[in-house]
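The structure appears below as structure tokens.
The values are calculated or read from the model by the stated rules, or taken from the named source; none is laboratory data. Since we're looking at a predicted model, the values are computed, not measured. Don't worry about glycine lacking a Cβ; one is built from the backbone with ideal geometry, like all the others, and counts go over all protein chains shown. What goes into the accessible areas is simple: the full protein's heavy atoms, side chains included, and nothing from ligands, DNA or RNA. Shrake-Rupley method; radii C 1.70, N 1.55, O 1.52, S 1.80 Å.
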Amino acid sequence: MDSQNAAANEFPMIDSHIHLYAASHIPSLRWTSDLGGDHVLNRQCSVEEYKLALQHDNGVVGFVFLETDRRSELGQDQWQNALDEVDFLVRIARGTPRDGEGHRSVDAGLVLAVVPWAPVAAGEALLAAYVEQVRQRCGAEFRLVKGFRYLLQDKPPGTMLQQRFIEALQWLGKNDFTFDLGVDARSGGLRQLEEACEMMDCVYAGDSRLKIIINHFCKPNLRVSPEEALAGHGEFARWKQYIQKMSRHTSAYMKLSGFFSELPPQTADTPTAVSDVVAHAKPWVDVVFAAFGPRRIMFGSDWPVCNVGGPGIKSSWQHWRAVVEAILESQGLDDEGKAMVWSGTATEAYSIRRI
């Protein structure tokens with residue numbers, strides 16, 4: 001099975017993890033200084049380009065937007081780039097595009113949920129002040145703001161264990177917002193997962209109802225071979241331990257996303273067969289499905305980042321969808337379980353009102 005011959009998906013799909021930005025926004029992105037001019041991400045990646053990546057796939061009913069790591073800091077005078085991103089998403093949701101932003105009025109219905117950046121590490125008071133600014137900018141579209149993210153994969157050790165960080169997360173839970181947890185086991189080290197587990201223990205010790213939505217399997221080291229993993233490779237064993245610990249909190253969810261940038265790179269001329277991707281990722285996938293179950297796992301493409309390591313701009317989204325289809329088959333899920341991964345879990349976790 002490959003992405004060219006994958007059977008049509010019979011379940012409605014919510015893409016629970018995409019990023020959007022117009023070409024004019026690129027200078028405000030934190031990571032673009034490291035990219036060459038011809039890098040796959042150094043170009044406009046807005047709704048128009050996303051729809052082209054879908055290749056007219058009518059199964060996708062909408063998406064969840066995740067903040068795109070704009071240059072923003074904790075102080076109130078350093079929020080402008082993040083707030084500009086909120087304004088951009090509001091224009092998409094209202095169907096009121098500006099010239100050159102890459103979306104049209106008909107695209108408004110695709111926005112099912114928005115997860116902006118927030119200064120969580122600044123503590124409860126500044127977080128509340130920031131959320132109020134988001135509310136004022138959004139107006140009626142604030143109903144689409146389901147949660148917030150403060151990317152932790154590049155932050156100093158101990159950031160998520162500070163008391164003000166814990167209290168800010170508990171504030172999010174009290175106000176019915178989610179938190180997307182972005183850590184990186186391969187590049188940032190397994191220490192990040194250890195701290196995440198301790199942070200979750202602290203948050204939930206206070207009977208918080210916060211939903212923590214974990215991104216990309218915590219970016220495990222998929223360069224380890226499956227044979228090494230199953231033979232007890234140290235990185236895999238510790239990653240497994242932390243994943244199992246996270247899953248014990250019933251308000252924690254996991255995104256099935258982000259593999260291509262962690263696997264050996266592909267090209268349009270040499271795409272990796274779907275069956276080979278599934279076989280390589282099986283030890284990690286088995287751990288997550290055993291720990292979380294399909295009711296707490298959701299499909300996400302991580303577009304356009306899936307183009308990094310994927311088989312090209314024209315094929316990566318469809319290739320990833322085919323991989324997920326094959327993963328769900330390999331896990332032996334019934335129709336109810338498949339429907340949860342494709343859209344049900346995201347609907348529940350983000351309190352999406354319609355699909």
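Of the beta bridges in the stretch 13-350, as assigned by DSSP with both residues counted there, near 10 percent are antiparallel. Amide H to amide H, with H built 1.01 Å from N, residue 16 comes under 5 Å of 64, 300, 301, counting only residues 5 or more places away or on other chains. Largest first, the residues 250, 68 sort by 1.4 Å accessible area into 250, 68. A cut-off of 5 Å between modelled amide H atoms, ignoring neighbours fewer than 5 places along the same chain, links residue 333 with no other residue. In vacuo Debye scattering of the stretch 97-169, one point per C-alpha: log10 I(q)/I(0) at q = 0.27 Å⁻¹? Log10 I(q)/I(0), no solvent term: -1.23. Note on the chain: with a GNM built from Cα contacts shorter than 10 Å, the maximum mean-square fluctuation among 231, 118, 185 falls on 231. For the cross-link pairs 146/282; 51/146; 155/338; 155/314; 51/282, the ones whose C-alpha atoms lie over 26 Å apart are 146/282; 155/338; 155/314; 51/282. Accessible surface for residue 171 stands near 40 Å², nearest 10, in the context of the full protein assembly shown (1.4 Å probe). Taken along the Cα-to-beta-carbon direction at a fixed 7 Å, the label points for residue 11 and residue 91 span 3.6 nm.
If R0 equals 41 Å, the separation of the Cβ atoms of residue 35 and residue 290 corresponds to a calculated FRET efficiency of about 0.65. Mean sequence separation of contacting Cα pairs (under 8 Å, at least six apart), scaled by the length of the chain, corresponds to a relative contact order of 20 percent. A helix-only calculation puts the chain at -11000 deg cm²/dmol for mean residue ellipticity at 222 nm, using -39500 (n - 2.57) for each DSSP H run of at least four residues, averaged over all residues. Does anything in the stretch 271-290 have its amide N under 14 Å from the 7 Å Cα→Cβ label point of residue 330, and if so which residues? The answer is 272-290. Extension gain for residue 237-residue 191 works out to 15.2 nm (0.36 nm per residue, less the C-alpha to C-alpha distance).
Between residue 98 and residue 270, what FRET efficiency comes out of the Förster formula 1/(1 + (r/R0)^6) with R0 = 56 Å and r the beta carbon distance, rounded to 0.05? Approximately 0.90, to the nearest 0.05.
Mean-square fluctuation check for the chain, GNM, Cα pairs under 10 Å: which of 233, 56, 17 is largest? Answer for the Gaussian network model of the chain: 56.
Computed from the alpha carbon positions, the gyration tensor of the stretch 13-350 leads to an equivalent ellipsoid with semi-axes of 28, 25, 19 Å, biggest first. For residue 254, the amide hydrogen comes within under 5 Å of the amide hydrogens of 214, 297, 298, counting only partners 5 or more places away or on other chains and with H modelled in the peptide plane. Say we join alpha carbon atoms closer than 10 Å with springs in a Gaussian network model of the chain; which of 219, 155, 338 then has the biggest fluctuation? The residue with the greatest mean-square fluctuation here is 155.
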